[in-house]
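**Student:** My questions all concern the structure below.
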Amino acid sequence: MRKLLLLCCMFIGLAAAGNAQTKPGAKPVEKSKDLQKQLKLTDKQTEKIAVIYQESSDKFEKIKAADKGDNTKMMVDIKPLREATISKIKAVLTKEQTVKYDKLLKGSKAAGGSGWGDGWSATSGQ
């Protein structure tokens, strides 16, 4: 019984690790590297996206501090930041990468996420 339980735990852990995408709280560089793998970005694109993620993260932290735990207000306040971040990232991508990026956004939203990889919350450590 113990071995079966251990095997189940190992399987669940491996499955979770295998399906893991960019984690909330990941650094902007980590997020951009993850996006690089998924979209086959060049190093130059990856650097630009890391800067976008960092700027968005800094702005998110300011919004979070200003809203003092009011999640409803924060969700309203971050919507323009989210839209701006997506637009900035798309401006760096090729047409083919943009199509893949849109699929990633829809896929993460369908899986219960925010639909855009939480780039603005990279340093929040949620």
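**Student:** Just to be sure, is residue 68 of a type outside the set (Asp, Glu) and at pLDDT 90 or above?
**Tutor:** Here the answer is no, as residue 68 does not meet what is asked.
**Student:** Continuing with the same structure: Within the group 73, 95, 90, which residue is modelled with pLDDT of 90 or more and either under 17 Å from the mean Cα position of the chain (by Cα) or surrounded by 13 or more Cβ atoms within 10 Å (Cβ to Cβ) (or both)?
**Tutor:** Result: 90 is the single residue among 73, 95, 90 that is modelled with pLDDT of 90 or more and either under 17 Å from the mean Cα position of the chain (by Cα) or surrounded by 13 or more Cβ atoms within 10 Å (Cβ to Cβ) (or both).
**Student:** For residue 101, work out the one condition from (1) buried (at least 19 other Cβ atoms within 10 Å of the Cβ); (2) of a type outside the set (A, V, I, L, M, F, W, C); (3) over 18 Å from residue 34 (Cβ atoms) it doesn't fulfil.
**Tutor:** Result: residue 101 passes all but (3).
**Student:** Another question, then. Identify, by number, the condition in (1) modelled with pLDDT of 90 or more; (2) outside any helix (DSSP H, G or I) that residue 114 doesn't meet.
**Tutor:** Among (1) modelled with pLDDT of 90 or more; (2) outside any helix (DSSP H, G or I), the lone unmet condition for residue 114 is (1).
**Student:** Tell me yes or no: at least one residue of the stretch 24-42 is outside any helix (DSSP H, G or I), of a type outside the set (A, V, I, L, M) and at pLDDT below 70.
**Tutor:** Yes: the stretch 24-42 contains one or more residues that are outside any helix (DSSP H, G or I), of a type outside the set (A, V, I, L, M) and at pLDDT below 70.
The values are calculated or read from the model by the stated rules, or taken from the named source; none is laboratory data. Predicted model only: the values in this text are computed from it and were never measured. So basically every Cβ, Gly included, is an ideal-geometry build from the backbone, and we count neighbours across all protein chains shown.
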